[in-house]
Amino acid sequence: MEIFIGALGMALVAPVHSQNDKSTNKQQSVLLTGLPDFLQPQIGALGNRVKAPGKESTVFEGTFTIANGKPKTAHIVMQLPGSVELKGFHGDETTLKFEGSSEPRTVAPDDAILLETFSADTAEGMLKAIQDGASVELIGRNIQPDPGTIAKELSMPYDVYEVTAPVQTLHNGFFRTKLYYFDARTGLLARTRYEDGRSVIETRFSNWYKVDGSAYPGRIERYENDRVVFSFIVTAISAGPKVDPAAFR
């Protein structure tokens, strides 16, 4: 199946979650199991594709544009739990792959950024990291951002989670702490924010669409120090069953 797309803040602090204190939620999801109950709004917002087998693999067709550059036709495959394939991001047939459960291959720094953005900065990436034992803290629900420090289009109330996990797309075992901001009204991811040692990184997700009971972002952007670095605009989405994970190695 393929679709084409046109262009109170009361802070609650949850205990840090570890591999040993997961609560089960098999009724809500058979693919993302063993996650804390307080994540149910975010799991549920993704819809049918995380609840039952058959839509684990999502193909995004679209255009990739770097700052001040020309758009390139690009292709992304995201497969639960954590695999990704990127094609066309260099304007040629070069393919970048990462299979979430295996050791990553050594890649150029810019390619590592692309792989991390599309595998770990996503809602699915956050949930997989927690499922694998990453620490997570619920910073608060319905948090109203300071209007003086955030763009108008991002001024919605948020449910905010802090997650610390290894950067699996790197070989050095480096751990990174990220803040995931979910729209408190919909449960959908709006932005992921963290530091990489030299810049404040923000990956923004917008133009969400619901297709056959599943939600998908229509626009993914990376910012560094509040300046856009690249954007990926979705033009078509198709979902299907899981393929052999070896295809992402």
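Computed from the coordinates by the stated procedures, all read-outs in this text should not be read as laboratory data. Being a predicted model, the structure only gives us computed values, none of them experimental. Using ideal geometry, Cβ is built from the backbone for each residue, glycine included, and neighbour counts are taken over all protein chains shown.
Quick notes
- Chain lengthening between ASN207 and THR177 when straightened (0.36 nm per residue, less Cα-Cα): 8.2 nm
- Taking other Cβ atoms within 10 Å as a rough exposure proxy, TYR209, TYR180 sort from fewest to most as TYR209, TYR180.
- Nonlocal amide H pairs with GLY47, under 5 Å, H built at 1.01 Å: ALA215
- Listed residue pairs exceeding 27 Å between alpha carbons, taken from LYS72/LYS128; LYS51/LYS72; LYS128/LYS242; LYS55/LYS128: LYS72/LYS128; LYS51/LYS72
- Exposure proxy order (Cβ contacts within 10 Å, fewest to most) of ARG222, ARG198: ARG198, ARG222
- This ranking places GLU56, GLU93 by how few other beta-carbon atoms lie within 10 Å of each, fewest first, which gives GLU93, GLU56.
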